[in-house]
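The values are calculated or read from the model by the stated rules, or taken from the named source; none is laboratory data. Keep in mind that this is a model prediction, so the values were computed, not measured. Every residue, glycine among them, receives a Cβ derived from its backbone with ideal geometry; neighbour counts consider all protein chains shown.
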Amino acid sequence: MLILLFLCFKYDKLLNMNRPASDSAICEHGRDHRQSSRSSRYAQLLFVLFTLSLIFLFRDTPQFHTLGIIFVSIVLEAMPFMLLGTLIGGFIEVFVPREKVTRWLPEGRWWTVFIGAGIGVLFPVCECAIVPVVRKLLQKGVPFSAAIAFLLGGPIVNPLVAASTAVAYFADWSIVIQRMLFGYGIAVGVGLLMGLLFTKAKAVHDQASRAPDLKPAPEIPETGRPAAWVEKIGLAVNHAAGDFLDIGRFLVIGAFCAAVVQTLVPRQAFAAVMGTPGFPILIMMLLAVLLNLCSEADAFVAASFRSSLVPLPAQMAFMVLGPMLDIKLILMYLKVFRAPAIAVLASLTFITVFLSMVVMYK
Amino acid sequence: MMVAITHKMRESIKKRIAVLTLILPAIVYITWLAAYYWLLEAGRYKAFIQPKLWPLLILALILLLSYIAAFISHFSGESGGVLKFEGWLQAAILFVPVVFLWTIYGQSLGSHALSKRALDTNQPFPMAGISPQRSSPATDDNASSLLKLIINAEHFNGKRVAAEGMVYRGEPSDRRRFRLFRFVVVCCAADALPLVIWVESKVEEKFNNDDWVRIEGIFSFETINGRQVSSIAADSVRPIPAPPPGKRYLFF
C-alpha cells in the first residue's frame, strides 16, 4: 500500500498527459513526465487489481468485512459532498467571471487570506467538497494564499462543525470556540506562509488540468435570454460531471487507504504511548491523518479519547489537523497542486498545528 | 478469406470498445445512481451511514441524474474511435466501491473491528456530569439499547436491565465472563465507536464471538485493571437472531 501511495504521489506529472502533444514536447523534461505518468497509471491499475483480488481471496474473513464496511461507508458519505463540490466548481467555472473574482479578491493583498480562512462561516463545506471548489477558484484568479486559507479553514470554521463539536463535547462551548479559533488562525498562518514561499504558477497545476474527455466551455454571449441561461447551466453541470470523474478516483483511493489503516492498526496502540511526555499531541495528529474522518464526525472520536486520559491539546490537535490533512485529502490535492507545494503545505500544516497546541496549552 | 473475416471482427470489436469508451462516463454515473437508489430503497444505507443523513443520498441521486442529463445533452461522437486507457482507469477506480458495496452488504462491524477500536475503557462518551435527561440521544426503540445503558449508567446502577448485542470473549476466555458490545455510529461506520458492557453469567456460556444475545440481569459498576467499567450480572443469556443489516448499529 505504501508503494502504491508513493506512486500516486508522483501523479502530478500525469497532468501532462492531458496536455496536447505540443505542450509535452516543449516541456524540458518531457520524457520524465511521460515515464511518471506511466508509473502512476500502473499504480492506479495496481490499485484496481489489488482491491478486486482482495474480494476474491478474502471476502469471507472478518478483516475483509471490517475493511469493506469502512471503505464503503467513507465513500458513500463523502461522495454526495464531492458531487456537490464539483457542482459548485462547475457553476463557478461558468457563471463567475474572472474579472469579478480578481476585483473581490485581488492578487497580492494580504487581507484576502483572512477572508479566505473565514468563508466557511457563510459557505459550510466539508473537506471532501472543498478541493474541487478550491481548484475552480484558483482557476478563476483567487490569490493562492487565500485559496490555501479557505482550503484549510473552510472545513473547520463553519457552523456545522461547530454544532457537531458542541454535541460531542456536551455543549462545552470553550472547546468549540478553541477549535474554531485554532482552525482559523492556522489556516491564516499557513496561507500567508505558503503565499511567501510559492507563487501560484509554481504551486498550482496550470489550467490544462481540465478533466479528460471534457470539451472546453464555449463562450456564451451575455444576452440574458433564458435559453442562454439554460445552456450555461447545462455547461456548468457538464463541467461538474467531468470534475467528478477526474477527482472522484482520489477520494476512492484515499478512502481505501484509510480503511486499510483502520482495519489493521489498533487504536489501543496509539493510546498505549499517551503517557510519554510530548507524544499525545503527535500521536493524535498522526491518527487524524490516518483515519480520514469527516470534519463533522471527528469530534465524537476525539471525545471518545477523553476517557483514555488523552489530554485536551491532543484531542484539539486531532480535531484541527484532521480536516486539513489526511490521506484522501493529500491524494485529492494532487489534482490541484504540484508535489513540492503539497509537501510544503502538509509539513507546514503539521508543524503549525503541533506548535500551536504545544505553545497554547503550555 | 479467413484473414479478411478476422480483420472484420477485430474492427468490429474495436468499434464497440470505442463506443463504450465514449459512453463510459454515463455508465459510471448510472452505476452510482443505481447504487444510491438501491441503498435508499428499504433503508439499506443504514448498514453504512447514519439514518439522519438520508437527505445526502437524495442529493447524490439528484446530482447524478443531472450529470447524466448534462452528459446526454453534450454528447457528441467526435472523439470516437479512440480507446482511452485513462478513461477506463478512472471508471474502474470509481466502480471499486460499488463492487465492494454489493460484496459486503449483509455484513457488519464485529469483534475484529472491536479489537482494533476498543480503547482501554468501555465508555466512548464521558459520563461525569451527564444526567439522563440531558443526554437522550436518538436510538432504536428497543428499551435495551446499550447506548441508553451506558450514557445513563448512573441512573441504571443497581437496577434490573435487559440488553442486546454481540459477544466478544477476548483472551483469555473465561466461559462465564464475556463482553457484550455494539457499535454506535455518528456519521458513518468509519467513525463507529464500540459500546461495551462486561457480562458475568451464572453458568458457562457457549457463545462465540459475534453471536447475538439478549442479556437480562442487574446493572452495576465494577473495577477491572483499575478502571471503572459497566457490567451486568446476568441471570439470563439467550441467543437471538442477528438484526437486519440496517439495525445492527446504534445511532447517536
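Does any residue of the range A:242-265 turn out to be of a type outside the set (Val, Ile, Thr), surrounded by fewer than 17 Cβ atoms within 10 Å (Cβ to Cβ) and either touching a Lys or Arg at 6+ places or on another chain (Cβ under 8 Å) or modelled with pLDDT of 80 or more (or both)?
The answer is yes; a qualifying residue exists.
Please pick out the residue among B:210, B:174 that is farther than 30 Å from residue B:105 by Cβ and not in a strand (DSSP E or B).
B:174
Scan (1) crowded, with 24+ Cβ neighbours inside 10 Å; (2) more than 9 Å from chain B (Cβ to nearest Cβ); (3) modelled with pLDDT under 80 for the single condition residue A:293 breaks and write down its number.
(2)
Within the range A:88-98, is there a residue that is of a type outside the set (A, V, I, L, M, F, W, C), assigned to a helix (DSSP H, G or I), modelled with pLDDT of 90 or more and touching a helix residue (DSSP H, G or I) at 6+ places or on another chain (Cβ under 9 Å)?
no
Taking the stated definitions as given, is residue B:106 closer than 22 Å to residue A:64 by Cα, loosely packed, with under 15 Cβ neighbours inside 10 Å and not polar (S, T, N, Q)?
yes
Return the pairs, sorted by first residue and then second, in which the second residue is part of a helix (DSSP H, G or I) and of a type in the set (Gly, Ala, Ser), the first residue lies in the range A:253-269 and is farther than 16 Å from residue B:110 by Cα, the beta carbons are less than 7 Å apart, and the residues are 6+ apart or on different chains.
A:255/A:78
Going by the structure shown, is residue A:164 crowded, with 20+ Cβ neighbours inside 10 Å, part of a helix (DSSP H, G or I) and either modelled with pLDDT under 90 or outside the structural domain of residue A:300 (by TED's automatic domain parsing) (or both)?
yes
So, of the residues in the range B:94-146 that are hydroxyl-bearing (Ser, Thr, Tyr) and closer than 18 Å to residue A:62 by Cβ, which turns out to be modelled with the lowest pLDDT?
B:115
Among the residues of the range A:126-143, count how many are surrounded by 23 or more Cβ atoms within 10 Å (Cβ to Cβ) and basic (Lys, Arg).
2
State whether one or more residues within the range A:106-125 are within 14 Å of chain B (Cβ to nearest Cβ), of a type in the set (Gly, Ala, Ser) and buried (at least 19 other Cβ atoms within 10 Å of the Cβ).
Within the range A:106-125 (the criterion being within 14 Å of chain B (Cβ to nearest Cβ), of a type in the set (Gly, Ala, Ser) and buried (at least 19 other Cβ atoms within 10 Å of the Cβ)), the answer is no, since none of the residues qualifies.
Which one is farthest from residue A:242 (Cα to Cα) among residues in the range B:12-66 that are free of Cβ contacts under 8 Å to residues at least 24 places away in the same chain and hydroxyl-bearing (Ser, Thr, Tyr)?
In this case the residue turns out to be B:12.
I'd like the full set of residues that are within 18 Å of residue A:129 (Cα to Cα) and more than 8 Å from chain B (Cβ to nearest Cβ), limited to the range A:61-93.
Scanning the range A:61-93 gives A:78, A:82, A:85, A:86, A:88, A:89, A:90, A:91, A:92, A:93.
Would you please name the residue that is surrounded by the fewest Cβ atoms within 10 Å (Cβ to Cβ), looking only at residues in the range B:192-211 that are of a type in the set (A, V, I, L, M) and without any contact (Cβ under 8 Å) to a residue 40 or more places away in the chain?
Within the range B:192-211, the match that is surrounded by the fewest Cβ atoms within 10 Å (Cβ to Cβ) is B:203.
Does residue A:71 satisfy the condition of being under 22 Å from residue A:297 (Cβ atoms) and not in a helix (DSSP H, G or I)?
In short, no.
Of the residues that sit in the range B:180-194 and are more than 7 Å from chain A (Cβ to nearest Cβ) and not basic (Lys, Arg), which one is farthest from residue A:297 (Cα to Cα)?
So, considering only residues that are more than 7 Å from chain A (Cβ to nearest Cβ) and not basic (Lys, Arg), the one farthest from residue A:297 (Cα to Cα) is B:180.
Taking the range B:7-57 as the search range and keeping residues that are more than 14 Å from chain A (Cβ to nearest Cβ) and small (Gly, Ala, Ser), which one is nearest to residue A:249 (Cα to Cα)?
That would be B:42.
Just one of the numbered conditions (1) within 14 Å of another protein chain (Cβ to nearest Cβ); (2) modelled with pLDDT of 70 or more is not true of residue B:204; which one?
So the condition that residue B:204 fails would be (1).
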